[in-house]
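**Student:** First the structure, then my questions, so here it is.
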Amino acid sequence: MKYIIKSNYNTSLFHVIDSISMWDEHVDDHNFKWFKKRFYISKEDKELLSGYSSYRKKLGWNKESELLNWAFNGYRGNKHRKIWKAIEHFENKKSRSGKLLSEYLFRKQAQISKYAPKIESKFKMKKYNINSLVIISPKKKKYKEIQIFLAPSFDKYAYQAGANGYGIIVEIPGRIREREIMSVIMHELFHKVGRLREYFARHPNKRTRKFLKKINKNTLYSNNADILDEIFAYSLTNHYINKENPGEKIRNYKKLSIIRERNYMVNIWRGVKMLAPKIINFLQKKSEPEIFVNEMVYEYKKELL
């Protein structure tokens with residue numbers, strides 16, 4: 001599988017406008033908070049962002065990679081006018097201190113660009129072979145290539161990542177180590193290639209499928225299929241590759257003030273603490289993936305009940 005690392009000024013510009021529009025409830029607000037603190041948001045700005053948000057909702061998350069490529073190639077073609085209108089407007093917007101948004105972006109892009117060759121070299125290492133992890137999935141997909149977009153986070157630590165469309169996107173915050181970036185990339189690659197959610201959505205057992213579709217009682221937000229998919233991803237990437245400690249992660253996430261996010265992440269890491277030893281052990285045994293995944297679903301269901 002070939003990985004193509006993509007990032008330039010245009011993708012960063014698009015991503016920041018996409019972030020500050022807050023077009024979907026799943027868009028993290030750290031870039032919006034950064035923008036609001038440094039820029040005065042006028043009535044015209046709000047109207048443009050509202051129009052952008054409405055149009056962007058119609059496109060949805062699956063168009064994210066396509067839009068990033070459109071930006072990467074210089075916004076070619078007479079399309080996405082509402083997006084282009086907002087981009088053109090905000091690129092030249094001055095902050096409270098008189099700096100253009102473009103100035104902030106050029107500086108941030110210089111930081112991001114330094115990571116691209118380092119990430120490419122990391123993929124030569126055995127531990128970053130995604131194929132060795134997705135053997136656990138009954139519905140893994142083969143790709144000839146996957147595009148990995150690097151985008152800006154203007155926060156020191158907060159970032160967002162996703163596996164939407166035909167590529168993945170990973171934000172680079174102010175302070176992050178290479179191994180953390182690789183952990184996030186591998187996490188998103190697991191979602192993209194492993195496709196556990198697709199398997200759960202069409203689970204052959206009707207009763208199990210019903211349980212997987214049910215909203216998780218501990219998060220009151222995501223369904224059990226989403227939570228289990230994240231437990232597998234965090235177990236194999238953040239824990240197994242990056243050596244993140246489940247107990248420590250649970251303690252840290254319990255401190256979050258946002259209840260929904262706190263419950264979501266605590267529940268995932270409790271699942272990691274419970275199932276990760278067995279999931280990691282599977283990589284050595286390499287038994288039948290469908291049987292094993294269903295054993296983990298049963299273990300998790302038993303714990304919830």
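**Student:** Against the conditions (1) of a type in the set (A, V, I, L, M); (2) touching a helix residue (DSSP H, G or I) at 6+ places or on another chain (Cβ under 7 Å); (3) surrounded by fewer than 18 Cβ atoms within 10 Å (Cβ to Cβ), where does Ile168 fall short? Just the number, please.
**Tutor:** Checking Ile168 against (1) of a type in the set (A, V, I, L, M); (2) touching a helix residue (DSSP H, G or I) at 6+ places or on another chain (Cβ under 7 Å); (3) surrounded by fewer than 18 Cβ atoms within 10 Å (Cβ to Cβ), the one that fails is (3).
**Student:** Could you count how many residues in segment 1-42 are under 17 Å from Gln109 (Cα atoms) and among the hydrophobic types (A, V, I, L, M, F, W, C)? Spell out the reasoning first.
**Tutor:** Taking segment 1-42 first, the residues under 17 Å from Gln109 (Cα atoms) are 5-19, 31, 34-35.
In the following step, the residues that additionally are among the hydrophobic types (A, V, I, L, M, F, W, C) were identified as 5, 13-14, 16-17, 34-35.
Residues that pass the stated criteria total 7.
**Student:** Hey, does segment 20-33 have a residue that's under 21 Å from Gly165 (Cα atoms) and not in a loop (DSSP other than H, G, I, E, B)? Spell out the reasoning first.
**Tutor:** Filtering segment 20-33 for residues under 21 Å from Gly165 (Cα atoms) gives 20-28.
Filter once more, so that each one left must be not in a loop (DSSP other than H, G, I, E, B): 20.
The answer is yes; a qualifying residue exists.
**Student:** Could I ask something else about it? Please indicate, with yes or no, whether at least one residue in segment 72-83 is over 27 Å from Ile5 (Cβ atoms), free of Cβ contacts under 8 Å to residues at least 40 places away in the same chain and outside any loop (DSSP other than H, G, I, E, B). Write out each step before concluding.
**Tutor:** Here is the first cut: in segment 72-83, the residues over 27 Å from Ile5 (Cβ atoms) are 78, 81-82.
When the remaining residues are screened for being free of Cβ contacts under 8 Å to residues at least 40 places away in the same chain, the result is 78, 81-82.
Checking which are outside any loop (DSSP other than H, G, I, E, B) leaves us with 81-82.
Yes, there is a match, as at least one residue in segment 72-83 is over 27 Å from Ile5 (Cβ atoms), free of Cβ contacts under 8 Å to residues at least 40 places away in the same chain and outside any loop (DSSP other than H, G, I, E, B).
**Student:** Restricting attention to segment 130-165, which residues are surrounded by fewer than 16 Cβ atoms within 10 Å (Cβ to Cβ) and more than 29 Å from Asp28 (Cα to Cα)?
**Tutor:** Across segment 130-165, the qualifying residues are Asn131, Ser132, Ile135, Lys142, Lys144.
**Student:** What's the number of the only condition in (1) farther than 20 Å from Arg197 by Cβ; (2) touching a Pro at 6+ places or on another chain (Cβ under 8 Å) that Tyr253 fails to meet?
**Tutor:** (2)
**Student:** Please work out which residue is nearest to Ile130 (Cα to Cα), limiting yourself to segment 224-247 and to residues that are surrounded by fewer than 19 Cβ atoms within 10 Å (Cβ to Cβ) and in contact with a Phe, Trp or Tyr (Cβ under 9 Å, 6 or more places away or on another chain).
**Tutor:** Taking segment 224-247 as the starting set, the residues that turn out to be surrounded by fewer than 19 Cβ atoms within 10 Å (Cβ to Cβ) are 241-245, 247.
Adding the requirement that they be in contact with a Phe, Trp or Tyr (Cβ under 9 Å, 6 or more places away or on another chain) leaves 241, 244, 247.
On the way: Ile241: 11, Glu244: 18, Gly247: 26 Å.
Per the stated criteria, the residue is Ile241.
**Student:** Please give the number of the condition Met125 fails out of (1) over 26 Å from Tyr199 (Cα atoms); (2) of a type in the set (A, V, I, L, M); (3) modelled with pLDDT of 95 or more.
**Tutor:** Condition not satisfied by Met125: (3).
**Student:** When segment 162-198 is examined, which residues are found to be more than 22 Å from Gly60 (Cβ to Cβ) and among the hydroxyl-bearing types (Ser, Thr, Tyr)?
**Tutor:** Correct list: Ser183 only.
**Student:** Still on this structure: Among (1) in a loop (DSSP other than H, G, I, E, B); (2) modelled with pLDDT under 95, where does Lys114 come up short?
**Tutor:** Exception for Lys114: condition (1).
**Student:** Given (1) more than 21 Å from Ser102 (Cβ to Cβ); (2) touching a residue at least 24 places away in the same chain (Cβ under 8 Å), identify the lone condition not met by Glu47.
**Tutor:** Here Glu47 meets the rest and fails (2).
**Student:** Name the single residue, out of those in segment 86-115 being aliphatic (A, V, I, L, M) and surrounded by 15 or more Cβ atoms within 10 Å (Cβ to Cβ), that is nearest to His203 (Cα to Cα). Let's see the steps before the verdict.
**Tutor:** The initial filter retains those residues of segment 86-115 that are aliphatic (A, V, I, L, M), namely 86-87, 100-101, 105, 110, 112.
Filter once more, so that each one left must be surrounded by 15 or more Cβ atoms within 10 Å (Cβ to Cβ): 86-87, 101, 105, 112.
On the way: Ala86: 42, Ile87: 42, Leu101: 47, Leu105: 45, Ile112: 40 Å.
So, considering only residues that are aliphatic (A, V, I, L, M) and surrounded by 15 or more Cβ atoms within 10 Å (Cβ to Cβ), the one nearest to His203 (Cα to Cα) is Ile112.
The values are calculated or read from the model by the stated rules, or taken from the named source; none is laboratory data. Quick caveat, the model's predicted, so the values are computed rather than measured. Glycine also receives a Cβ, built like all others from the backbone with ideal geometry; neighbour counts cover every protein chain displayed.
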